[in-house]
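This is the structure, below, for whatever I ask next.
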Amino acid sequence: MADTTPIPAFAIVGQPNEGKTSVIATLAENDRILIGPIPGMTRRLTRHPVRVDDDEIMVLYDTPGFESPGACLEWLRGYKGLENPASAFVNFRGHRERYPEECEILQPLANGAAVIYVVDGDREPREPDRQEAEILRLCGVARIGVINSKGGVGRYVPEWKKLMLKDFNTLREFNACNAVFADRIELLQAAESVVPDWRDSMQTTVAALCRAWEERLENAAEIMLDGMERVIKFRAKTHFDSDAGHIIAKKKAKLAVEVEVRSTETAFRERILKLFRHHDDHWDLPPNLEADIFSDEVWRCLGMDKRKLILTAAVTGASSTVLIDYLLGGASLGIFALAGGVTFGAGAWMTADNVVRYKLPSVRLGPIRIPGVHLGGTYVEAGIERRSKLPGILLERMLLFILSAASWAHARREDGISKEAEPSDQIDEGILNSWSKDDRVKVMTVIEVLHRLAEGKSLSSTDVDTAENEFRNTIARILKQQTMGKAVQRLAAVAPPEPLPP
């Protein structure tokens, strides 16, 4: 952003414990802002910059609650000067000592900030609320009313709308603890109409946030690919030196594979949390993400019954042979794809629980090949079974975790959020089942490519890059559709995002 571009600034105003700090935490994506159940925890004016690529694109001011709204209103009603009313009140002799909270609130208004006035839609409006609304109107600044129903019911929303529509330029319902990216963008876009001088700067700010979000989702797709590659290419070797030792060696090798899968998923989640600016997973994960990836509960939650497993495996088989079709330049006319889908589908259920594939080295004596001969010491090599459903389960869990991290607002209360308000509970299980066949094939093809590379089979770098880019682009596009909503459509109309390079 150019240095001459004015940076939009908003003072978040309201009575104590109305959710002002929660609104800031969500808009600034900062879950370390102190939010608690005790009224009036914010006592001083606090500046919270919003940055993209280290550039400050917006400023949010957290303010204390009004303590003497009646006295402040009386003074403003009698003020007849030419100076900005907010500035005049703050600079009036004795006001900083007599009305410290009101001066803290009005100081950013005196400096040109607009107001986001936050009220709780689950409580009835009172006389101090009417006084505060009039105070902000008399200050002559742009005002956006926000109804933040903390209990999630909004019992008094109609009464609040009736009150606020008289004194505010625009009004929005915005639950800070449930707001997703599109909700945040829509709230910021409201400033374009209420602050005409900020129209260009707000459009720039919104576009910067949308572009940063798109880049974040593209990075999430790359992190997914890294995790899939790590799991599928992993090989564990366990040595043994007796005929009976290979049984123990197989158990140790299998355990090593399971440990690698779990550690890969843990590392993936840590990277995603950091990417979406969460300092910990402070939400309650759905059961299919909370349970161990090798548990029966997870595989049931993700809908991998016998029928769906065979259908999924058929897509996997078809995708692998689509790759063959591609490598053959289409010469097979889809015959391999058809045959592959049938073959993988038929064999999938029999190999569903065989997550690990074992390999014992063989010895060749002239024309004779002797498999699994230890000859004084050999080893078991274990990796993910090529037809195992584990990569698909891992992919589903990665997608669901990204959606959980992307949809969970950064506002959180020390006394907890009600279970009913958790967006993670509303994420559909078995997300891949809702995709088009073409998208599933593009994503599952990478699994086949990685298996081939892990087995030492030859693929050109161009073919590998093509498959991996199809994966990245497909994942990123679907994540954008599911998390950005109208925001991405608005941005696309101005500057369509460029696809990842082949």
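If a residue has to be among the β-branched types (Val, Ile, Thr) and within 13 Å of residue 135 (Cβ to Cβ) to count, how many in region 53-89 make the cut?
Of the residues in region 53-89, the ones among the β-branched types (Val, Ile, Thr) are 57, 59, 63.
Then keep just the ones that are within 13 Å of residue 135 (Cβ to Cβ); that gives 63.
Of the residues in region 53-89, 1 are among the β-branched types (Val, Ile, Thr) and within 13 Å of residue 135 (Cβ to Cβ).
Another one. Is there any pair linking a residue in region 271-290 that is among the polar types (S, T, N, Q) to one that is assigned to a helix (DSSP H, G or I) and modelled with pLDDT under 95, with Cβ under 6 Å and at least six apart or on different chains, and which?
Cβ pairs passing all conditions: 288/298; 288/301.
Sticking with this one: Would a scan of region 206-229 turn up a residue that is outside any helix (DSSP H, G or I) and not hydroxyl-bearing (Ser, Thr, Tyr)? Spell out the reasoning first.
Of the residues in region 206-229, the ones outside any helix (DSSP H, G or I) are none.
No - not one qualifying residue is present in region 206-229.
Let me ask another. Take the residues in region 5-19 that are at pLDDT 90 or above and either outside any loop (DSSP other than H, G, I, E, B) or polar (S, T, N, Q) (or both); name whichever of them is farthest from residue 49 (Cα to Cα). Show your work before the answer.
At the first step, the residues of region 5-19 found to be at pLDDT 90 or above are 8-14.
Filter again for either outside any loop (DSSP other than H, G, I, E, B) or polar (S, T, N, Q) (or both), leaving 9-13.
Numbers: 9: 9, 10: 10, 11: 12, 12: 13, 13: 17 Å.
So the residue we want is 13.
Moving on to the next point. Among 183, 167, which is free of Cβ contacts under 8 Å to residues at least 24 places away in the same chain and among the acidic types (Asp, Glu)?
Details: 167 fails: free of Cβ contacts under 8 Å to residues at least 24 places away in the same chain.
The unique qualifying residue is 183.
With respect to residue 191, is the statement that it is in contact with a strand residue (DSSP E or B) (Cβ under 8 Å, 6 or more places away or on another chain), surrounded by 22 or more Cβ atoms within 10 Å (Cβ to Cβ), modelled with pLDDT under 95 and not β-branched (Val, Ile, Thr) true? Lay out the reasoning, then the answer.
On the way: in contact with a strand residue (DSSP E or B) (Cβ under 8 Å, 6 or more places away or on another chain): yes; surrounded by 22 or more Cβ atoms within 10 Å (Cβ to Cβ): yes; modelled with pLDDT under 95: yes; not β-branched (Val, Ile, Thr): yes.
Yes.
Here's a follow-up. Right, residue 272: assigned to a loop (DSSP other than H, G, I, E, B), modelled with pLDDT of 85 or more and either among the β-branched types (Val, Ile, Thr) or buried (at least 18 other Cβ atoms within 10 Å of the Cβ) (or both) or not? Spell out how you get there, then give the answer.
On the way: assigned to a loop (DSSP other than H, G, I, E, B): no; modelled with pLDDT of 85 or more: yes; either among the β-branched types (Val, Ile, Thr) or buried (at least 18 other Cβ atoms within 10 Å of the Cβ) (or both): yes.
No.
Continuing with this model, one more query. Filter region 132-161 down to residues that are small (Gly, Ala, Ser) and over 29 Å from residue 112 (Cα atoms), then give me how many there are. Spell out the reasoning first.
Our first condition is that a residue be small (Gly, Ala, Ser); within region 132-161, this holds for 133, 140, 142, 145, 149, 151-152, 154.
This time we only want the ones that are over 29 Å from residue 112 (Cα atoms), so: 151-152, 154.
Qualifying residue count, region 132-161: 3.
Can you name every residue in region 257-281 that is over 27 Å from residue 215 (Cα atoms) and in contact with a Lys or Arg (Cβ under 9 Å, 6 or more places away or on another chain)?
Listed by number, the residues that qualify are 257, 260.
Sticking with this one: Of everything in region 51-86, what is closer than 22 Å to residue 119 by Cβ and hydroxyl-bearing (Ser, Thr, Tyr)? Give them in sequence order.
Listed by number, the residues that qualify are 61, 63, 68.
In region 254-262, is there at least one residue being assigned to a loop (DSSP other than H, G, I, E, B) and under 22 Å from the mean Cα position of the chain (by Cα)?
The initial filter retains those residues of region 254-262 that are assigned to a loop (DSSP other than H, G, I, E, B), namely none.
So far as region 254-262 goes, no, none of its residues is assigned to a loop (DSSP other than H, G, I, E, B) and under 22 Å from the mean Cα position of the chain (by Cα).
Could you list, in sequence order, the residues of region 441-467 that are surrounded by fewer than 20 Cβ atoms within 10 Å (Cβ to Cβ), assigned to a helix (DSSP H, G or I) and of a type outside the set (Gly, Ala, Ser)?
Across region 441-467, the qualifying residues are 452, 453, 462, 463, 464, 465, 466.
Same structure, new question: Which residues, counting only those in region 163-204, are part of a loop (DSSP other than H, G, I, E, B) and of a type in the set (Val, Ile, Thr)?
If we filter region 163-204 for residues that are part of a loop (DSSP other than H, G, I, E, B), which is where we start, we get 165-169, 174-180, 195.
Selection gives 180, 195.
OK, next. In region 97-142, which residues are within 17 Å of residue 46 (Cβ to Cβ) and either without any contact (Cβ under 8 Å) to a residue 60 or more places away in the chain or not assigned by TED's automatic domain parsing to the domain that holds residue 70 (or both)?
100, 101, 102, 103, 106, 110
Test each condition in (1) of a type in the set (D, E, K, R); (2) in contact with a strand residue (DSSP E or B) (Cβ under 7 Å, 6 or more places away or on another chain); (3) not assigned by TED's automatic domain parsing to the domain that holds residue 114 for residue 197 and report the one that comes out false.
(2)
Among the candidates 410, 374, which residue alone is assigned to a loop (DSSP other than H, G, I, E, B), surrounded by fewer than 22 Cβ atoms within 10 Å (Cβ to Cβ) and modelled with pLDDT under 90? Break it down into steps so the answer makes sense when it comes.
Values: 410 fails: surrounded by fewer than 22 Cβ atoms within 10 Å (Cβ to Cβ).
On inspection, the qualifying residue turns out to be 374.
For residue 134, state whether it is in a helix (DSSP H, G or I), touching a helix residue (DSSP H, G or I) at 6+ places or on another chain (Cβ under 9 Å) and under 19 Å from residue 171 (Cβ atoms).
Values: in a helix (DSSP H, G or I): yes; touching a helix residue (DSSP H, G or I) at 6+ places or on another chain (Cβ under 9 Å): yes; under 19 Å from residue 171 (Cβ atoms): yes.
Spelling it out, residue 134 is indeed in a helix (DSSP H, G or I), touching a helix residue (DSSP H, G or I) at 6+ places or on another chain (Cβ under 9 Å) and under 19 Å from residue 171 (Cβ atoms).
Could you please give the count of residues in region 203-233 that are of a type in the set (A, V, I, L, M, F, W, C) and in contact with a strand residue (DSSP E or B) (Cβ under 9 Å, 6 or more places away or on another chain)? Write out each step before concluding.
So the first thing to find is which residues in region 203-233 are of a type in the set (A, V, I, L, M, F, W, C), and the list is 206-210, 212-213, 217, 220-221, 223-225, 228, 231-232.
Remaining after also requiring in contact with a strand residue (DSSP E or B) (Cβ under 9 Å, 6 or more places away or on another chain): 208-209, 212, 231-232.
Here the count works out to 5.
Please identify the pairs in which a residue from region 447-473 that is farther than 23 Å from residue 385 by Cα has its Cβ atom under 7 Å from the Cβ atom of a residue that is of a type in the set (Gly, Ala, Ser), counting only partners at least 6 apart or on another chain.
So the pair list comes out as 472/221.
Right, another one. Of all residues in region 147-167 being buried (at least 20 other Cβ atoms within 10 Å of the Cβ) and more than 16 Å from residue 66 (Cβ to Cβ), which is farthest from the chain's Cα centre (by Cα)?
Taking region 147-167 as the starting set, the residues that turn out to be buried (at least 20 other Cβ atoms within 10 Å of the Cβ) are 147-150, 160, 164.
Checking which are more than 16 Å from residue 66 (Cβ to Cβ) leaves us with 147-150, 160.
Details: 147: 24, 148: 22, 149: 23, 150: 22, 160: 32 Å.
Selected residue: 160.
The values are calculated or read from the model by the stated rules, or taken from the named source; none is laboratory data. Nothing here was measured: the structure is a model prediction, and the numbers come from that model. Note: ideal-geometry Cβ built from the backbone for every residue, glycine included; neighbour counts use all protein chains shown.
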